[in-house]
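The values are calculated or read from the model by the stated rules, or taken from the named source; none is laboratory data. Bear in mind the structure is a predicted one, so any value in this text is a computation, not a measurement. FYI the Cβ positions are ideal-geometry reconstructions off the backbone, even for glycines, and counts take in every protein chain you see.
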Ligand code: AP5
Ligand code: ZN
C-alpha cells in the first residue's frame, strides 16, 4: 500500500505511523525525521534545513522533494510506504504524483487525522522524544514513560524538540492551514481522502485508522 498521512503538527502522525507501518508491513517515511537525522549527523542538508525548522517554516521544496524521492527509491519501499509529513504543499503533492506516475504507480489512500487546535497544543507541549530513535515518542501526561526523562523502549534520554516552543508551534499551525491543508482538496479531487478523528487513546485511533484504510 502507498499511503500519505496528513494532519496538523502534534496530531499524532508519528505515533500512529509507527503502529500502522508495522501492521501493514511497509516502511514509515517521515521527512521531519529525515531532516532531524541530517541535523544530528551535521550534513550540509541538515545545516540548510535547521534554520527553517527552528522557525517552524517549510524547508524549500528543492531540498525536500529530492530527499523524499531518494528515500522512496530504497529497496524496502518497493512495495509500498507510509509517508508522514510529505507532501506538505501542493507543489510537493504534484511532484509525488509525477514520480509515481513515471513508474506506473499510484497512491492508495490519504489518511487525514483530525484534531482540534487546543488538543494539538497540549500534545506538543508535553511531547518528549528519545535521542536514540525518533519513533520512541512519549507525552509527560498522556503517555508517560515509567521513569521521568528515560525511554521505556531503549533506556535512551528523552528530550523536547527545539521547534516545540509556543511561538514556533503557532507558526507551524499557520503554515499547516495555509500551505498543507490545500493538499487535502487536491487529493479529494482524486477521491483518495479518508478523514478520521485522532481523539481518544492511541490504540483506539490506530484501530479507527486500520478500519478506514480497509474500506
Ligand atoms: P515534522 O517532524 O513532520 O513535524 P509536524 O508535522 O509538525 O508533526 P509533529 O512531529 O509535530 O507531530 P505528529 O503529528 O507526528 O505528532 P506525534 O505523534 O509526535 O516536521 C517538522 C519540521 O520539519 C517542519 O516544521 C518543517 O520545517 C520540516 N519539514 C518536515 N517535512 C517537510 C516537508 N515535507 N516540506 C518542508 N518542510 C518539512 O504526537 C504528538 C504528541 O502527542 C506526543 O507526545 C504523543 O505521545 C502524543 N499523542 C499522540 N497520540 C495521542 C493520543 N491519541 N492521545 C494523547 N496523546 C497523544
Ligand atoms: Zn528509545
If you take just the strands (runs of 3 or more DSSP E) that sit entirely in segment 49-156, which of them hold at least 2 residues that are touching a helix residue (DSSP H, G or I) at 6+ places or on another chain (Cβ under 7 Å)?
81-84, 109-114, 137-139
Is there any pair with a first residue in segment 30-50 that is more than 22 Å from residue 3 (Cα to Cα) and a second that is in a loop (DSSP other than H, G, I, E, B) whose Cβ atoms are under 6 Å apart and which are 6 or more apart or on different chains, and what are they?
49/59
Residues in segment 194-209: is at least one at positive phi and in contact with a strand residue (DSSP E or B) (Cβ under 7 Å, 6 or more places away or on another chain)?
no
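Conditions tested, residue by residue: (1) in contact with a strand residue (DSSP E or B) (Cβ under 9 Å, 6 or more places away or on another chain); (2) within 16 Å of ligand 2 (Cβ to nearest atom); (3) modelled with pLDDT of 95 or more.
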site: 129; (1), (2), (3): yes, yes, no
site: 146; (1), (2), (3): no, yes, yes
site: 151; (1), (2), (3): yes, yes, yes
site: 156; (1), (2), (3): yes, yes, yes
site: 169; (1), (2), (3): no, no, no
Write out, first by first residue and then by second, each pair whose Cβ atoms fall under 6 Å of each other, whose residues are 6+ apart or on separate chains, and whose first residue, in segment 1-28, is farther than 18 Å from residue 195 by Cβ while the second is within 16 Å of ligand 2 (Cβ to nearest atom) and part of a strand (DSSP E or B).
14/137; 21/28
Out of everything in segment 131-144 that is within 15 Å of residue 33 (Cα to Cα) and touching a strand residue (DSSP E or B) at 6+ places or on another chain (Cβ under 6 Å), what residue ends up being surrounded by the fewest Cβ atoms within 10 Å (Cβ to Cβ)?
131
